[in-house]
Amino acid sequence: MTNTALAGAHAAPAAGPTILGWFEPGTPDWHAARAAGIGGSEIAAVMGISPYESRFSLWHRKQGLIAPVEESEEMFWGKVHEPAICERFDSLHPELRVAYSPTYAAAGRPWQIANPDRLIVTDYITGTPTAIVEAKTARDDHGWGNSGTDDIPVHYRAQALWYLDVLQVSRCHVAVLIAGSEYREYVIDYSPHEAQTMREHGAEFMRTVRQHERPDIDGHAATFQTIKTLPEGQDDIDTEVSAADRDRYFAALDAAKAADAEKRAAAGVLLDQIGTGRRAVHDRKPVATRTVRDGRTHSLQPARTRSTS
């Protein structure tokens, strides 16, 4: 039996977090346990640093006005690979006792929810956690620094700190599988200052949910998708808008048109220099890659990691 055998973590330490239950991520029970609070994957949206969810869209989910996030291909494969990543971490750390984790709520803050991938425990009898393990997948190493550091994407850092704050432990080991074949580990240590900032933002967000104070509309893709989702049907009526909103919309259209023209011009300059080559580089660092179809240029794809130094 490996260290990832189901451990007896059914009881939280004295004055510690409350165990809400053992739920499979993505199931109706899992969503229900998180509905009245903020989970680790949601605090980044509250803080405005999530690439997937906005404060606006999350608020509408908490109000029950839009459905839970549908499982994407990225989410599906992350869930599929999680056990293998955790097993890899376990095998590389025989000195640690790795256990499965329930869903927790913070002591005194039932809205602060944590559902770590794994716990590191003192023993398999009491299951008292001393640290946590998070398993991630990534298409490439963009946003991921050198292995062994704390240099990870900011939304994952927020998730790790949120969990540490709930469980009252000081370290999160982040194990990531990059491009399906490169395994790395990172370490996030508890930061009281960052945790307090997130708690304050979380408490304020939950206040707006309780008092039905809708967040402002922002430019996040999830916000726009939420606005598109909310109305049902169409009434054959005209709606009066303000001059300021009209002018802002027209100005944005003009700016987008100008930006598109500048993008085409800049891409044309690079393609003209690349000629029949494959990549544009500067100081041996990639700038963009020319793709070819039927012997001719098809597109110019920017490098994932941009360097202007």
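The values are calculated or read from the model by the stated rules, or taken from the named source; none is laboratory data. What you see is a predicted model; the values in this text were computed from it and never measured. Positions of Cβ are backbone-derived with ideal geometry, glycine not excepted, and every protein chain shown enters the neighbour counts.
One line per residue, one yes/no per condition, for (1) over 33 Å from the mean Cα position of the chain (by Cα); (2) among the polar types (S, T, N, Q); (3) farther than 30 Å from TRP162 by Cβ:
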{"residue": "PRO215", "(1), (2), (3)": "no, no, no"}
{"residue": "ASP218", "(1), (2), (3)": "no, no, no"}
{"residue": "ASP235", "(1), (2), (3)": "yes, no, yes"}
{"residue": "ALA280", "(1), (2), (3)": "no, no, yes"}
{"residue": "THR291", "(1), (2), (3)": "no, yes, yes"}
{"residue": "GLY295", "(1), (2), (3)": "yes, no, yes"}
If a residue has to be surrounded by 20 or more Cβ atoms within 10 Å (Cβ to Cβ) and closer than 16 Å to TRP59 by Cβ to count, how many in segment 16-41 make the cut? 5
Give, as residue ranges, the helices (runs of 4 or more DSSP H) completely inside segment 139-258 that count at least 3 residues that are touching a Pro at 6+ places or on another chain (Cβ under 8 Å) and at pLDDT 95 or above. 154-167
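Rundown of residues vs (1) at pLDDT 95 or above; (2) under 20 Å from ASP29 (Cβ atoms); (3) of a type in the set (Lys, Arg), yes/no style:
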{"position": "ARG55", "(1), (2), (3)": "yes, no, yes"}
{"position": "VAL98", "(1), (2), (3)": "yes, no, no"}
{"position": "THR122", "(1), (2), (3)": "no, no, no"}
{"position": "ILE125", "(1), (2), (3)": "no, no, no"}
{"position": "THR137", "(1), (2), (3)": "yes, no, no"}
